[in-house]
1. Could you pull the Cα extents of the chain along its three principal axes, largest to smallest, in whole Å?
2. Taking loop as defined by DSSP and a crowding limit of 14 other beta carbons within 10 Å, which chymotrypsin sites (Phe, Trp or Tyr not before Pro) in region 17-87 fit?
3. At 222 nm, what helix-only mean residue ellipticity would the chain give, in deg cm²/dmol to the nearest 500, using -39500 (n - 2.57) for each DSSP H run of four or more?
4. Just to confirm the filter: which trypsin sites (Lys or Arg not before Pro) across region 51-159 are DSSP coil and have at most 16 other Cβ within 10 angstrom of their Cβ?
5. R0 = 30 Å: FRET efficiency of Asp8 with Gln31, Cβ-based, nearest 0.05?
6. Could you calculate the contour length gain from Ala115 to Thr58, that is, 0.36 nm times the residue separation minus the distance between their Cα atoms, to one decimal place in nm?
7. Relative contact order for region 41-173 using alpha-carbon pairs under 8 Å, separation at least 6, rounded to a whole percent?
8. Quick query: amide H of Thr99 versus all other amide H atoms, modeled in the peptide plane; which residues come in under 5 Å with a sequence gap of 5 or more or a different chain?
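FYI, it's all coordinate maths here, none of it is from the lab. It should be emphasised that the depicted structure is a prediction, and the values quoted were computed from it without experimental measurement. Cβ atoms come from the backbone with ideal geometry, glycine included; neighbour counts cover every protein chain shown.
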Amino acid sequence: MSNTNRRDFLGMSFAAVAAVGGAASLVGMKQAWDPLPSVLAAGYTTIDIAKADLKPGTPKTFKWRGKPIFLLEMTKEMVDEANSAGLPKDYHLNIGDKTYTLVIGLCTHLGCIPAWQKTKWKCACHGGEFNASGKQIFGPPPKPYVVPPFSLKGTVVKLGETGPESKAMMAARA
């Protein structure tokens, strides 16, 4: 072998080792950047409304991504009040003959967690009030409760996955 061929062989060997090392580094970096499976699993929460033991007129609080989620099966009086206020049908979650309010339970003023008081949510921070539909009715909150992204399959709500029902509810509140 001549010196030139030997030099070329060493150069190609070095390039091959560097390419393999670079590819392995990129794979390792991608694995480090990807969220852990436990983090991905925490992004979704499922609620089976049929098994949630809801009492009409009394909300239940669930947790999704560290935020409270208010789920309220509305009474006939609450639905009548929403209809008389001119709220569109898509303002609520309708499953069969039942109407629900499904919202992120944070005051839209400063993010406090309001408490339920018979027929409305009241925020202790600055006195903001939201009716059973999640619409602001008094105080400083600038807009209604925010609807979380969710999909619906039968009576199972999957929070964290946008479906047509949540898109319609978000549009009705915009």
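1. In descending order, the Cα extents are 96, 37, 26 Å.
2. Sites meeting the loop and neighbour criteria: Tyr44.
3. Values: 4 runs with 56 residues, N = 174.
Rounded to the nearest 500, the figure is -10500 deg cm²/dmol.
4. Taking region 51-159 and a limit of 16 other Cβ atoms within 10 Å, the loop trypsin sites (Lys or Arg not before Pro) found are Arg65, Lys118.
5. Values: r = 35 Å, r/R0 = 1.17.
Working from the Cβ atoms, E equals 0.30.
6. Values: separation 57, 0.36 × 57 = 20.52 nm, distance 1.14 nm.
Difference between extended and current length: 19.4 nm.
7. Values: 264 pairs, mean separation 31.9, N = 133.
Reported as a whole number, the value is 24 percent.
8. Hits under the 5 Å cutoff: Met74.
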